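The values are calculated or read from the model by the stated rules, or taken from the named source; none is laboratory data. Treat the numbers as computed from the prediction; the structure is a model and nothing was measured. Cβ placement follows ideal geometry from the backbone for every residue including glycine, while neighbour counts extend to all protein chains displayed. Only protein heavy atoms, including side chains, enter the accessible area calculation; ligands, DNA and RNA are left aside. Shrake-Rupley method; radii C 1.70, N 1.55, O 1.52, S 1.80 Å.
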Amino acid sequence: MRYAIIGTGAIGGFYGGRLARAGHDVHFLLHTDYEYVRANGLRVCSCDGSFTITHPHVYASAGQMPQCDVALVALKTTANGLLPGLLAPLLTGRTLVVLIQNGIGVEADVAEAIPGVQLAAGLAFVCSTKTGPGLIEHASGGALTIGNYSCRDASLIEALLADLASAGISASVADYAEARWKKAVWNMPFNGLASVLGLTTDRIIASPSGERLVGALMAEVIGAARACGASSIDSGFADKMMLMTRRMPPYSPSMKVDLDLGRPMEIQYLYTRPIEEARRRGFAMERTEVIEAQLRTIEDSRRLAPAR
């Protein structure tokens, strides 16, 4: 199958790079480092073995890219308003678009913006960071869970899983709502706390108070998930996420990286939307609402700060 990578950053560069190294037909959309990657290749420094794609198929414009069977979208959700234009040149009537993005409600909004598109959620359990032009640092993890949102052709998902496996990526299929909310159980506590407190994940859970706070937030997200139909998620999953985090190397979640670099934070889909979804079903995420308010205050203060 032919793949398009929309957003060759920490996530798109990692998964697209692994697919390309395995010999698959992969086409990368880049922005600021297009010229660098075209001249020097795409480098993935990985705990599982580093490699360089020396002559990747790279493009500065989606309009120059070929149509594809699968588009892996790894943009920040703050850029999703661009997706109709970016995806239009790539889509056939059969193309599967996999949104490897964080948050709740992402697919519903993209489906409204691009009627008829085949969508799946991609939930990445990976510690990966883009640290320079064409340079991806992969510290741990890499599993990818696919949740079918509106894909009418099951063979596409089966072929995607086979290609990911050939690239050494552990991939599986899960119920859509369960997959999205399971990722939120980790994302909502750690992204927000890391950003508000200015701490990496290891420092948060090294503190007894921090560990209790993470546990309380995870329990609240699980309550929201169950209220929203993901009834199979229970406290045992939170225990697994805590154990996974303890085993991870020190890590700055994507929201903290965005904050540190002066980029917009993904508050809408990571916090506001799930809080609203839960509230509509009679579940109040009171602790999480405090984190959302703190993040909104940080964003407002940056936006309103006088120019220097």
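What pairs come out if I take residues in the range 207-231 that are over 14 Å from residue 190 (Cβ atoms) and pair them with residues that are surrounded by fewer than 15 Cβ atoms within 10 Å (Cβ to Cβ) whose C-beta lies under 7 Å away, six or more apart or interchain? From the range 207-231, the pairs are 219/235; 222/234; 222/235; 227/281; 227/282; 228/281. When the criteria are applied in full, residue 20 fails the requirement of being crowded, with 18+ Cβ neighbours inside 10 Å, out of contact with any Gly (no Cβ under 7 Å at 6 or more places or on another chain), in a strand (DSSP E or B) and at negative phi. The C-beta contact set for the range 128-140 (first residue under 18 Å from residue 247 (Cβ atoms), second residue open to solvent by less than 20 Å² (accessible area, probe 1.4 Å) and of a type in the set (S, T, N, Q), distance under 6 angstrom, 6+ apart or interchain) comprises 138/46; 138/128.
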